[in-house]
Amino acid sequence: MPGDGRHIEDVVLGREGVLRAIVREPRTKRELTDAVSSSRSTVDRAIRELLDVGLVAQADGKYEATMAAACALDAVETFHDRMRGVSDAVDVLGHLPPDTPLDPLFLDGAEVYVTSPEMPDDVVQRLFDSVEGASHVRGIAPVVLSGHL
């Protein structure tokens, strides 16, 4: 179903549990109802939506994932990873002005460390440990300790 991807995105995000169960292994409606702990009517609606966007096919009384389903779940997992990165970095990013040019790739693979009053240098030691074997380093900090740079 060609388009901007928003419809398939809505279906995948709304029916992720059912889709994940089908990707793991082909299942009947009854097996899906048990696997996702949902009502039969909820599973019926989910299957109908997943069939409509081409993520699921029916064969031999079971529903199985299409190649598009595997690609969609991979994209959703990437989305979830990025959202966790944003969530982890919210406090740090809050120190930047809203118009700061920041490439979204900045958060790919990022780890956020926040110092504590009890051990203020702990975050600097973590930085040193992570930089030691790194080929690239990206960072932001509300305060820079000149003696550590």
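The values are calculated or read from the model by the stated rules, or taken from the named source; none is laboratory data. Since the model is a prediction, treat every value here as computed from it, not as a measurement. Positions of Cβ are generated from backbone atoms using ideal geometry, with glycine treated the same way; all protein chains shown enter the neighbour counts. In case anyone asks, the SASA skips ligands and DNA or RNA and just uses the protein heavy atoms, side chains included. Shrake-Rupley method; radii C 1.70, N 1.55, O 1.52, S 1.80 Å.
Odds and ends about this structure:
- Gain on full stretching of the segment that runs from Val114 to Arg6 - 0.36 nm per residue minus C-alpha separation: 35.3 nm
- Heavy-atom accessible area with a 1.4 Å probe sorts Asp129, Asp99, largest first, into Asp99, Asp129.
- Taken about its Cα centre, the range 1-103 carries a charge dipole of roughly 600 debye when the Cβ of each Lys and Arg holds +1 and the Cβ of each Asp and Glu holds -1.
- Applying 1/(1 + (r/R0)^6) with r as the Cβ-Cβ distance of Ser87 and Arg45 and R0 = 25 angstrom yields a FRET efficiency of 0.25.
- Taking Glu49, Glu132, Glu64 as the candidate residues, the one with maximal mean-square fluctuation in a Gaussian network model of the chain, Cα springs under 10 Å, is Glu132.
- Residue of Gly17, Gly109, Gly85 that the Gaussian network model of the chain assigns the largest fluctuation, springs spanning Cα pairs under 10 Å: Gly109
- From its DSSP helices (H runs of at least four residues, each -39,500 (n - 2.57)), the chain gives a residue-normalised ellipticity at 222 nm of -16500 deg cm²/dmol.
- Across the chain, Cα pairs under 8 Å and at least six residues apart give a relative contact order of 18 percent.
- Using a probe of 1.4 Å, the accessible surface attributed to Phe106 totals some 40 Å² when neighbouring protein chains are kept in position.
- When Arg126, Arg30 are compared by accessible area at a 1.4 angstrom probe, the order from most to least is Arg30, Arg126.
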